[in-house]
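Read the figures in this text as sums done on the coordinates, not as results from a lab. From a predicted model like this one, the values you see are computed outputs, not experimental measurements. Note: ideal-geometry Cβ built from the backbone for every residue, glycine included; neighbour counts use all protein chains shown.
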Amino acid sequence: MPKFKPHIRVKNLNLFYEGHHALKDITVDIPEKEITAIIGPSGCGKTTLLKSLNRLIDLVDGIEISGEVIVDGEDIYSTKVDVTYIRKKIGMLGQKPYPLPMSIYDNVAYGPRIHGMRKKKELDGIVEHYLEVAGLWDEVKDRLKSPASMLSAGQQQRLCLARSLAVEPEIILGDEPTSALDPISSKRIEEVFIALKKDYTIVIVTHILRQAVRLADYVIFLYMGDVIEQGPAKEIFENPKEERTKAYIGGEIS
Amino acid sequence: MDRRKIEEDFFKGLMILSTAIIVGILFAIVAVVVLKGAPALSLSMLTQTPKGGYYLGKGGGILNAIIGSLYLAFGATALSLIIALPVAFYLREYASERFANFVRLSLDILWGVPSIVYGAFGFIIMLYFGLRACLLGGIIALTLLILPIMTRAMDEVMRMVAFELREASYGLGSTKLEVVSKVISRQTLPGMLTAVLLAFGRGIGDAASILFTAGYTDYIPHSLFDPVASLPLAVFFQLGTPFPEVQERAYASAVVLLVIILLTSVSSRLLTKRWSRFVIK
C-alpha cells in the first residue's frame, strides 16, 4: 500500500460507454499536493478516468458507472452529493483552451460570482491574484474588458487556468492541457503547474512521455482500460515492473 | 477534350445559372413592385389614415396598416420570445435526447402548417371566448404561426454550441440554468437575434393568419380589443378594387412592407456583427 496521504481514492471503478467496457475495475490512489500523471496510449481511457474524477463524465450520454471515487472521505458518486460542489472543489483544464464568451475579467470572475461573491472590490482582487498566479496579469492588465477570444491560444489557456483557480478548488485536473499550444506556451503552463503543487493536488493526462517525466511525482499507466502499473514517477520511469509499461516507456507501443 | 473538364464546366455553369435565377427573382419582385407603386408613393401615404372614399381613389394614406402591422408583428414576436426561449433552453440542457427529438419533430410539423389554418384555429378560439376580430386575436394567431419558426431556429443555434464550452462551464461548478443563461445564451446571442428577426419577418408579412383574427379598420387601434389593419391585407384589399389608382396604392403598400423587412434584415446584420465580439470561435 502507498505510504503517502491520498487525496483521491478510486475504488473498483467500472465504466461502460454504450456497452464498451472503457474503464476496468480501476483502483488507484492519488497523492495530495503532488502531480500525478495518467499516461498510456490513445484511446486507453485516460481522459475518461480523469473526467470521472469530477463527474464531468456525467455530461456524456450513454455512460454507466459503478464503484467509488472518494475525495476527502466522501464518495462523489453518492446521491447525497451536490455535483456543482464537487466540480467547484475539483477544477478542470481542458485539452483546447475554451474561454467563456465574455471579457477577460468576467472569465475569471465567473466562478466566484456563481458561487455567491458579489462585492466588486473582492472580485477585483481575486481576478488580479489568479491572473498573476497563471502568469497572465502583466499581459492583460490594461485590457481586462476586452473579449477573451482576442487572446492567443497560449494566453487563453492561462486564462482558463486562472478561471479554474478562481473558484478555489483543492484539486486541478488537466486533460492534455498543453496539446493545443506552441512549445513556449506549453512550457509556461508546465511551470505554473509545478509552482501550484505546493497548494493543490494536480492530476494530468498526457500522451507526451517527456512531459510526464518533467512534471510527475506519481504515475498511473493505463492500457486498454486497465491500470497496468502505478507508483512514484522515479520507479515507473526507471524501473518499471510490468512488460507493457516497459514497452510503452521504451516507445514500442504508443 | 477531357471529359472531366467538360463535366466540371457544365455543372459549374448550372450552378451559376441557378444562383442567377435566385438573385434575379429578388430584383424582379422589387423592380415590379417599385415601378408599379412609384406613382402612388408619397409622404401623405405614410402619415395619414384613409379618408372617406380612399378605396375609390380619394385622399388619405395607410398609416393605419403600417402601425397595425408593427403592433401585430412586435406583439407576436415578444409573445413568441417569452415562450420560445424557455423551450430552447429546456431542449438544450434539460430534456433527454429522445424527448428533445420528439419536440423537434412536433415543431417541424407546426412549421409546415399553412398560416390560414392558424387563422382558422385562432378564429375558433376567439369565438369560444366571445372575442371579435381584434389586435389581441391577431397577435395570438401570428404567435401560433411564428412560434415554431423562432423556437426551432433558436434550438438549431444552441445545438451548435461546442461540447467543450459547456464542459468548461460545468467544470466551474455551474448549474444547468447558469450554463444556459450565462454562457450558452451569450455564445449564441447573434444567432438568437437572427432567430427572432426571422420570426418577425415571417410574421409581419403574413396575411392569412390575421384575415379573420385581426380584422381590418381605417383607424389606429387604441386597445388590444380593437380591430387592426395590416400591410399584407392593405395590399390584398387595394389590389382587389377595380380602380387602377387604388391598385397602384397596393403596390406602394407592398413597397412599404418590403422596406420594413429590408430594414429588419440590415439592422440584424449590424447587430449580429456587434454582438459577435465576445463569441468564442
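Restricting the count to DSSP beta bridges whose residues both fall in the range A:74-219, what percent are antiparallel, rounded to a multiple of 5? Provide the component values of the computation, followed by the final result.
On the way: 1 of 10 bridges.
Among the beta bridges of the range A:74-219, antiparallel pairing accounts for roughly 10 percent.
Using a 10 Å cut-off around each Cβ of peptide A:97-108, what is the average number of partner chain Cβ atoms that fall inside? Please report the intermediate quantities before stating the final value.
Working: counts 3, 10, 4, 11, 16, 7, 2, 0, 0, 3, 2, 0.
Whole-number average of other-chain Cβ neighbours for A:97-108 is 5.
Any chance you could list the semi-axes, whole Å, largest first, of the equivalent ellipsoid that the Cα gyration tensor gives for the range B:31-104, using √(5λ)?
Numbers: eigenvalues 407, 44, 17 Å².
Output for the range B:31-104: semi-axes of 45, 15, 9 Å.
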(request) Could you state the angle between the C-alpha long axis of helix B:97-112 and the longest principal axis of the C-alpha atoms of chain B, as a value from 0 to 90 degrees rounded to the nearest 10? (result) 20
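Can you give me the relative contact order of chain A as a percent, contacts being Cα pairs under 8 Å and 6 or more apart? Write down the numbers at each step before the final one.
Numbers: 475 pairs, mean separation 70.4, N = 254.
Relative contact order here is 28 percent.
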(request) Would you mind checking A:Lys24/A:Lys246; A:Lys88/A:Lys119; A:Lys119/B:Lys273; A:Lys46/B:Lys182; A:Lys11/A:Lys241; A:Lys51/A:Lys197 for any pair whose Cα atoms are more than 24 angstrom apart? (result) A:Lys119/B:Lys273; A:Lys46/B:Lys182
(request) Name the long-range amide H neighbours of A:Leu23: under 5 Å, sequence gap of 5 or more, or other chain; modelled H, no Pro or chain starts. (result) A:Leu15
(message) Going Cα to Cα from B:Lys58, which lysines come in below 28 Å? Please leave out same-chain ones fewer than 8 positions away.
(response) B:Lys36
(message) Can you give me the angle between helix A:183-196 and the longest principal axis of chain A, using Cα atoms only, in degrees from 0 to 90, rounded to the nearest 10?
(response) 90
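Taking the Cβ of A:His21 as the centre, find all other residues whose Cβ is under 14 Å away and add up their charges (Lys, Arg: +1; Asp, Glu: -1). Working shown, then result.
Working: positive: A:Lys24; negative: A:Glu18, A:Asp25, A:Glu64, A:Asp226.
Neighbourhood net charge equals -3.
What is the average number of partner chain Cβ atoms found within 10 Å of a Cβ in A:164-171?
Values: counts 3, 0, 1, 4, 0, 3, 0, 0.
The shielding value for this peptide is 1.
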(request) Take the Cα pairs of chain A, get the Kirkwood Rh, then feed it into Stokes-Einstein at 4 °C and 1.567 mPa s and tell me D in µm²/s. (result) 69
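Convex hull over the alpha-carbon atoms of the range B:125-281: what's its volume per residue in Å³? Numbers along the way, then the final one.
On the way: hull volume 22.4 nm³, N = 157.
Enclosed volume per residue, from the Cα hull, is 142 Å³.
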(request) On each of the three principal axes of the Cα atoms of the range A:66-166, give max minus min coordinate, whole Å, ordered largest first. (result) 47, 31, 22
(request) With a 10 Å radius around each residue's Cβ, average the other Cβ atoms per peptide and rank B:159-172, A:70-83, highest first. (result) B:159-172, A:70-83
(request) Can you check what the net charge comes to around A:Ala195, using other residues whose Cβ is under 15 Å from the Cβ of A:Ala195 (Lys, Arg +1; Asp, Glu -1)? (result) +1
(request) Using only alpha carbons, build the gyration tensor for the protein assembly as shown and give me the equivalent ellipsoid semi-axes, biggest first, whole Å. (result) 61, 25, 23
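Could you please report the charge total around A:Met224, scoring K, R as +1 and D, E as -1 over all other residues with beta-carbon less than 12 angstrom from its beta-carbon? Kindly include the intermediate steps, with their values, before the conclusion.
Values: positive: A:Lys24, A:Lys46, A:Arg244; negative: A:Asp226.
Once positives and negatives cancel, what remains is +2.
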(message) Less than 14 Å apart at the alpha-carbon level, and either on another chain or at least 8 residues along: which aspartates and glutamates does that give for A:Lys96?
(response) A:Asp175, A:Glu176, A:Asp182, B:Glu164, B:Glu167
(message) Output needed for the range B:180-232: three equivalent-ellipsoid semi-axes, defined as square roots of 5 times the C-alpha gyration tensor eigenvalues, in descending order, whole Å.
(response) 33, 13, 8
(message) Can you give the Rg/Rh ratio of chain B, where Rg is from the C-alpha atoms and Rh is the Kirkwood radius?
(response) 1.06
(request) Could you state the angle between the C-alpha long axis of helix A:120-133 and the longest principal axis of the C-alpha atoms of chain A, as a value from 0 to 90 degrees rounded to the nearest 10? (result) 50
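Return the percentage of antiparallel bridges among DSSP beta bridges fully within chain A, rounded to the nearest 5 %.
Details: 25 of 42 bridges.
For chain A, the DSSP antiparallel bridge percentage is about 60.
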(message) Over the Cα atoms, compute the radius of gyration (one decimal) and Dmax (the largest Cα-Cα distance, rounded to a whole number) for the range B:33-181, in Å.
(response) 21.6, 69
(request) Take the Cβ-Cβ distance between B:Ser276 and A:Lys80 as r, set R0 to 35 Å, and report the resulting FRET efficiency rounded to the nearest 0.05. (result) 0.25
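First obtain the Kirkwood hydrodynamic radius of the range A:196-249 from its Cα pairs, then insert it into the Stokes-Einstein equation at 10 °C and 1.306 mPa s, and state the resulting D in µm² per second as a whole number. Don't jump to the answer; show the numbers that get you there.
On the way: Rh = 11.7 Å.
Calculated translational D: 136 µm²/s.
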(message) Take B:Ile25 and B:Ser44, extend 7 Å from each Cα along the Cα→Cβ direction, and tell me the distance between the two endpoints in nm.
(response) 3.8
(message) I'd like to compare B:111-123, B:223-235: which one has the highest average count of other Cβ atoms within 10 Å, and what's the full order after that?
(response) B:223-235, B:111-123
